[in-house]
Amino acid sequence: MALIPRRDQLPIPPKNAKVYNTVCQYCNVGCGYKVYVWPVGEQGGPKPSQNAFGLDLSTPQPPLAGQSYTETMHAVTVGRDGQQYHVVIVPAKDSPINRGDYSIRGGTNALTVWSLDRGTQDRLTYPLLRVGDQFQAITWQDALTLMGLLIKGIRDRDGNDDNIAVKCYDHGGSGQGFEDNYGAGKLFFAALSVKHIAIHNRPAYNSEVWGSRERGVHELNYTYEDARLADTIVLWGANPYETATVFYVEHMLPNIQGATVAEKQQVFERGEPAEPGYLIVIDPRKTSSYTVAAQVAPDRVMLLRPNLGTDYILANAIARAVWEKGYYDMAYLQARTDMALFEEYKAKSLKLSVPYAEFMAQAERITGVSRAEIEKAADWIAKPKAGRFKRRTLTIYEKGIIWNMKNYDQVAAIVQLAVLTHNIGRPGTGCGRQGGHQEGYVRPPAPTPGSIYRGGPPVNVDKFLTDGKGKFYWVIANDPYLSTPNNQVFRKRIHERTEKLTKALGAGGEPGTIRERAQKILDVLYQDPDALFMVVQDIYMTETARDAHLILPAAAWGEANDTSINCNSRLLRLYEKFMDPPGEAKPDWEIFKLVGLRIAELYRAEGKAQEAAKFEFGKDWKTDEDVFLAGAEEFGDNRVSEEDEAKLEAENYKGVTYKLLKELGQKGIQTPVRRDPKTGKLVGTVRRYTYKFGTPDGKFKWYGTDDWEGYPAEVAKYLEGEKARQYPFWVTTGRAQTIWQTAYHDRRLPEKALALPLPYVEVNPEDARRLGLQSGDLVEVYNEEGNGTFLVYVTDAVKPGTLFLVMYHWRGTSNSLVSGYTDPKTTIPWYKGTRANLRKVAGAIPSVQQTASVLQQNKFD
Amino acid sequence: MTQTLSRRRFVQLTAAATALFAAGGKAQLGYAPSLTYPAVKVANLSQVKTGQPITFNYPDASSPAILVKLGRPAIGGVGRERDIVAFSALCTHMGCPVQYEGGRFLCRCHYSMFDPAKAGQTYQGLASSWLPQIPLRVDGKGDIYAVAVAGLIWGRVKNV
Ligand code: SF4
Ligand code: FES
């Protein structure tokens, strides 16, 4: 009857259901959730005394105020006791972040649990070993022995760890947290010294925001309340309606609607005007974050659409307008910023030697944004309010800036505009990332301390591997076959290299024992330097795992206790374990510990006790909390005054225990956590940089950005001569509301897989008319880097001459078309800009076109 | 082909129409419709105009619903063009009313949007469950009956 399985009644959690506190596994917002688990066969009743919700369920819940419990919030799983259990996961009403709200991603948290009647039954449940063209089951015992023998074999031969390449997350949420990050850090940076390591979504081990950090501003400095208090919110290359959804609808939109004026009156100074907020969206696309706001307050919303790659020029132009109009407080700048470096900023970024009119004419030409719009933005960001009160502006940027060309300068230009206008450290201000996922980083020091200006740039590990270097490649909880830039080249090369090993291993018969196998692998790796061994550690069979030699099954969200912070207020909470991992799957920290212990055993067997000891970092880790507490030792002393919070690492949680987090529940505690010198009590930090910046002298460090230099060679080649005609479209890329990252869960849920069955391309109506394209058509989008088949959405979200591709779709990643360019200062790619052409393919896939909606996603009128 | 509701089936459905909540019963894990629904006449084919929604309550007075002729074929659509569909008018996100506007259902609380031609799928917005579709039957006289609800109406643990 229905296209997808639907329900018209749901089981009621009984009074004796087990109740857990957790946080959404998905985005940066970190909405709170409650989990109820009880055996199948039991059920509660509708009276408040009969159910674990404590609600009267005999009448419908009131809209908005009631508890949401929808079809996607229930699943049945199997415990390690062989019994079936109901799992209900509903948004927490006692979370200050979401207050019972949720998004289309988090609303399906329950559907993602391992369940035998759903696609999630695909979870990896025991280690797999490639034998020729098959994956065979093996035991953890053998898997760990193989890992140990190979890692030790390589470092013994080489005398270093340079042939070991790793690609691993650095984030929280998604089933990772401080625990797993610390396990990874101890193995790779303390026991091993891995320098060819890259982070889950990029080719190197780097910060995406060194341009801010090296100024003394950590990227997570505001608190979610600032979005309620701001006079103006700037969303720069961030589309929170689709990627930080509850933050946008619960905290930003009410501000724009005027629903938070009373909160402003309480916090603002006496006599300071408190009015409904303004919103500036800066994005090449007309995103839904703009079009939704334009529905509620058209006069207080502005959209600026700079040419791709030109945002830092735009930020400097707004800053110059601020300077000309005198919208800054010189006393603040002198007290809090490095005035010697300010001269460099004035010369290079504000370019004060160039007359204003000439400067603005240049900025207009480069960015495509008019002087009038630039000056209007300067007014909205910094023009003092009536009574000469400083305006309060919160600037939130994300991948549109980070994954722009010239990553370092883009980020630096935006944070400098915020500091120039004193829009940081006050209620209603701040300048930081929106965030993609949540965070939870604690590790020993990383191989590269900073950008090119601070000991960098870090190694491009993708390039290291495609150049034929390295012998052992360990991919942990990420899918580079979808996520790296220049993806088609990367995939083909890794396939070629791993296949060389596979073939050589099979020649003359597959080795019989694990020791023989390890020996033969090592022999091949050193005979044929191009051969590569790959191990994938994940929760599902990923695209990358297709070429792996060994696959290790990991635990997912909810299958171990872990801790993370959200991005919009650095709120640290405990994500409680509510079920066992399926089969033999293990939390990542435990896998790292066991690999370490196995290597240690091998060294001990050779009498190398000292070397062995390095690998026994996890021998006392019995529980997740042991790892959490061990990680805290990496942080500096947090016995500092409120005025000195800037000295602390952003995620410092020293002194926090699981017990404390259990008591705090959804309230959590905001990092950095201080032990107040006066009271001896642990206190969170609501907002950062009120008193000092995070530099040795506490002063903000200005930086003079580069001039406009045009596009990097990898993209500039498409702008000249014949190629300009062959590849006439600008291409940008990004996310969609419905799916999370590579859709590793979503592709297994019919609600999501039917809605977004194929990767899609947004085409402007003018281009569509000219090319005879309609929504739902199939096209091939291609350039010299790669190609893919995309479903057409005709929409004014993109300008004529520009295409937008959804990222990371499992049926074809937009990254196939992206070049290998990275910012020379940081090794961060430009995932969001290239050139391409498209052609309509012959025929159609009617089943897809009949079931997937192709209605316009940014149109709300 | 127009689906019609036979007179016999119609009598069966109305006779079975009860809306009781059984407290503490076994969890029902079957797919919708797993309950007994009333058959309720919503309109006659002759009254239904493309793009002009008809509101009604179903399966009971506290559950608003909307019937609409889309002017494009729809999954589960009835009528000659198979374009007449009906849905619960309570947004599956947090229960606000949805409006039929511009060929789709829109909720103005947080801007979820549902495609009525594609089984009520959320194509934008926050609702993780699709809008519940109300299967329709047309009898020999062209009367359109709501006969069940495929999907859970927001705010309930059981539709009837
Ligand atoms: S907004 Fe983010 S954290 Fe909140 S429910 Fe959605 S995906 Fe989860
Ligand atoms: S209640 Fe409809 S979108 Fe939230």
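Would you be able to say whether some residue in segment B:37-60 is within 20 Å of residue A:755 (Cα to Cα) and either of a type in the set (Gly, Ala, Ser) or buried (at least 20 other Cβ atoms within 10 Å of the Cβ) (or both)?
Of all residues in segment B:37-60, those within 20 Å of residue A:755 (Cα to Cα) come to none.
No: zero hits.
Read through the list (1) touching a residue at least 40 places away in the same chain (Cβ under 8 Å); (2) within 16 Å of ligand 1 (Cβ to nearest atom), then give the number of the only condition that residue A:147 fails.
(2)
Among the candidates A:562, A:580, single out the residue that is out of contact with any Pro (no Cβ under 7 Å at 6 or more places or on another chain), open to solvent by less than 30 Å² (accessible area, probe 1.4 Å) and of a type in the set (Asp, Glu). If you could, list the steps in order and put the result at the bottom.
Numbers: A:580 fails: open to solvent by less than 30 Å² (accessible area, probe 1.4 Å).
Exactly one residue qualifies, and that residue is A:562.
Kindly check whether there is at least one residue in segment B:82-96 that is more than 13 Å from the chain's Cα centre (by Cα) and in a strand (DSSP E or B).
no
Given the condition buried (at least 19 other Cβ atoms within 10 Å of the Cβ), more than 16 Å from ligand 2 (Cβ to nearest atom), at pLDDT 95 or above and under 26 Å from the mean Cα position of the chain (by Cα), answer yes or no: does some residue in segment A:594-617 qualify?
Among the residues of segment A:594-617, not one is buried (at least 19 other Cβ atoms within 10 Å of the Cβ), more than 16 Å from ligand 2 (Cβ to nearest atom), at pLDDT 95 or above and under 26 Å from the mean Cα position of the chain (by Cα), which makes the answer no.
Kindly provide the set of residues from segment B:117-141 that are open to solvent by less than 10 Å² (accessible area, probe 1.4 Å) and more than 16 Å from ligand 2 (Cβ to nearest atom), ordered by number.
If the condition is that a residue be open to solvent by less than 10 Å² (accessible area, probe 1.4 Å) and more than 16 Å from ligand 2 (Cβ to nearest atom), then B:117, B:119, B:134, B:136, B:138 are the ones that fit.
Could you figure out which of (1) part of a loop (DSSP other than H, G, I, E, B); (2) open to solvent by 10 Å² or more (accessible area, probe 1.4 Å); (3) over 30 Å from residue A:618 (Cβ atoms) isn't true of residue A:217?
Looking at each condition in turn, residue A:217 falls short on (2).
Among the residues of segment A:72-82, what is the count of those that are among the hydrophobic types (A, V, I, L, M, F, W, C) and within 10 Å of chain B (Cβ to nearest Cβ)? Write out each step before concluding.
Taking segment A:72-82 first, the residues among the hydrophobic types (A, V, I, L, M, F, W, C) are A:73, A:75-76, A:78.
The next check asks that each one be within 10 Å of chain B (Cβ to nearest Cβ); those that pass are A:73, A:76.
Qualifying residue count for the region: 2.
Scanning segment B:71-93 for residues that are open to solvent by less than 20 Å² (accessible area, probe 1.4 Å) and in contact with an Asp or Glu (Cβ under 7 Å, 6 or more places away or on another chain), which turns out farthest from the other protein chains (Cβ to nearest Cβ)? Give the derivation first.
So the first thing to find is which residues in segment B:71-93 are open to solvent by less than 20 Å² (accessible area, probe 1.4 Å), and the list is B:74, B:77-79, B:83-89, B:91-93.
Then drop every residue that is not in contact with an Asp or Glu (Cβ under 7 Å, 6 or more places away or on another chain), which leaves B:74, B:77.
Working: B:74: 10, B:77: 12 Å.
Within segment B:71-93, the match that is farthest from the other protein chains (Cβ to nearest Cβ) is B:77.
Let me confirm something: among A:82, A:32, A:119, A:45, which residue is more than 16 Å from ligand 2 (Cβ to nearest atom), of a type in the set (Gly, Ala, Ser) and open to solvent by 30 Å² or more (accessible area, probe 1.4 Å)?
A:82
Considering only residues that are among the aromatic types (Phe, Trp, Tyr) and buried (at least 24 other Cβ atoms within 10 Å of the Cβ), which ones fall in segment A:160-179?
The first filter runs over segment A:160-179 and keeps only residues among the aromatic types (Phe, Trp, Tyr), leaving A:169, A:178.
The answer is A:178, and nothing else.
Check every one of the strands (runs of 3 or more DSSP E) wholly within segment A:541-590 and list those with 2 or more residues that are at pLDDT 95 or above, in contact with a helix residue (DSSP H, G or I) (Cβ under 9 Å, 6 or more places away or on another chain) and closer than 28 Å to residue A:151 by Cα. Quick ask: steps written out before the conclusion?
Working: elements: A:550-553, A:562-565, A:571-575.
Once the strands (runs of 3 or more DSSP E) in segment A:541-590 are filtered for at least 2 residues that are at pLDDT 95 or above, in contact with a helix residue (DSSP H, G or I) (Cβ under 9 Å, 6 or more places away or on another chain) and closer than 28 Å to residue A:151 by Cα, what remains is A:550-553.
Quick one: which of A:69, A:85 is touching a residue at least 40 places away in the same chain (Cβ under 8 Å) and facing another protein chain (nearest Cβ under 10 Å)? Working first, answer last.
Numbers: A:85 fails: facing another protein chain (nearest Cβ under 10 Å).
Just a single option satisfies the conditions, and that option is A:69.
Would you mind listing the helices (runs of 4 or more DSSP H) fully within segment A:220-315 where at least 2 residues are within 16 Å of ligand 1 (Cβ to nearest atom) and modelled with pLDDT of 95 or more?
Details: elements: A:226-229, A:240-243, A:253-257, A:261-267, A:288-296.
Output list reads A:240-243, A:253-257, A:288-296.
Taking residue B:141, is it more than 8 Å from every other protein chain (Cβ to nearest Cβ) and assigned to a loop (DSSP other than H, G, I, E, B)?
Details: more than 8 Å from every other protein chain (Cβ to nearest Cβ): yes; assigned to a loop (DSSP other than H, G, I, E, B): yes.
Answer is yes for this residue.
Taking the options A:269, A:250, name whichever one is touching a residue at least 24 places away in the same chain (Cβ under 8 Å), open to solvent by 10 Å² or more (accessible area, probe 1.4 Å) and more than 16 Å from ligand 2 (Cβ to nearest atom).
Numbers: A:250 fails: more than 16 Å from ligand 2 (Cβ to nearest atom).
One residue alone meets the criteria, A:269.
If you check A:743, A:753, A:716, A:724, which single one turns out to be within 14 Å of chain B (Cβ to nearest Cβ) and either open to solvent by 10 Å² or more (accessible area, probe 1.4 Å) or at pLDDT 95 or above (or both)? Before the answer, list the steps.
On the way: A:743 fails: within 14 Å of chain B (Cβ to nearest Cβ); A:716 fails: within 14 Å of chain B (Cβ to nearest Cβ); A:724 fails: within 14 Å of chain B (Cβ to nearest Cβ).
Step by step, each of A:743, A:753, A:716, A:724 is checked, and only A:753 is within 14 Å of chain B (Cβ to nearest Cβ) and either open to solvent by 10 Å² or more (accessible area, probe 1.4 Å) or at pLDDT 95 or above (or both).
Of all residues in segment A:156-209, count the ones that are outside any helix (DSSP H, G or I) and within 24 Å of residue A:532 (Cβ to Cβ).
Within segment A:156-209, the first condition is being outside any helix (DSSP H, G or I), and the residues that meet it are A:159-177, A:192-209.
If we keep only those that are within 24 Å of residue A:532 (Cβ to Cβ) too, we end up with A:159-170, A:192-206.
Here the count works out to 27.
Please go through segment A:759-783 and give me each residue that is over 17 Å from residue A:836 (Cβ atoms) and either part of a loop (DSSP other than H, G, I, E, B) or of a type in the set (A, V, I, L, M, F, W, C) (or both), ordered by number. If you could, list the steps in order and put the result at the bottom.
Quick first cut of segment A:759-783, residues over 17 Å from residue A:836 (Cβ atoms) only: A:765-766, A:769, A:772, A:774-776.
Result: A:772, A:774, A:775, A:776.
Does residue A:703 satisfy the condition of being aromatic (Phe, Trp, Tyr), assigned to a loop (DSSP other than H, G, I, E, B) and out of contact with any Cys (no Cβ under 8 Å at 6 or more places or on another chain)?
Numbers: aromatic (Phe, Trp, Tyr): yes; assigned to a loop (DSSP other than H, G, I, E, B): yes; out of contact with any Cys (no Cβ under 8 Å at 6 or more places or on another chain): yes.
Yes; evaluated as a whole, the condition is true for this residue.
Kindly provide the set of residues from segment A:34-61 that are farther than 21 Å from residue B:96 by Cα and more than 10 Å from chain B (Cβ to nearest Cβ), ordered by number.
Initial filter on segment A:34-61 (farther than 21 Å from residue B:96 by Cα): A:34-54.
Of everything in segment A:34-61, those that are farther than 21 Å from residue B:96 by Cα and more than 10 Å from chain B (Cβ to nearest Cβ) turn out to be A:34, A:35, A:36, A:37, A:39, A:48, A:49, A:52, A:54.
In the list A:94, A:142, which residue meets the criterion of being open to solvent by 30 Å² or more (accessible area, probe 1.4 Å), in contact (Cβ under 8 Å) with a residue 24 or more places away in the chain, more than 10 Å from every other protein chain (Cβ to nearest Cβ) and within 16 Å of ligand 1 (Cβ to nearest atom)?
Numbers: A:142 fails: within 16 Å of ligand 1 (Cβ to nearest atom).
Being open to solvent by 30 Å² or more (accessible area, probe 1.4 Å), in contact (Cβ under 8 Å) with a residue 24 or more places away in the chain, more than 10 Å from every other protein chain (Cβ to nearest Cβ) and within 16 Å of ligand 1 (Cβ to nearest atom) holds for just one of A:94, A:142, which is A:94.
Tell me, please, whether a residue that is in contact (Cβ under 8 Å) with a residue 12 or more places away in the chain, surrounded by fewer than 20 Cβ atoms within 10 Å (Cβ to Cβ), hydrophobic (A, V, I, L, M, F, W, C) and farther than 22 Å from residue A:451 by Cβ can be found in segment A:695-709.
no
The values are calculated or read from the model by the stated rules, or taken from the named source; none is laboratory data. What you see is a predicted model, and the numbers here were worked out from it, not measured in a lab. Neighbour counts are summed over all protein chains in view; Cβ atoms, including those assigned to glycine, are modelled from backbone coordinates with ideal geometry. Keep in mind that these areas ignore ligands, DNA and RNA; they rest on the heavy atoms of the full protein, side chains included. Shrake-Rupley method; radii C 1.70, N 1.55, O 1.52, S 1.80 Å.
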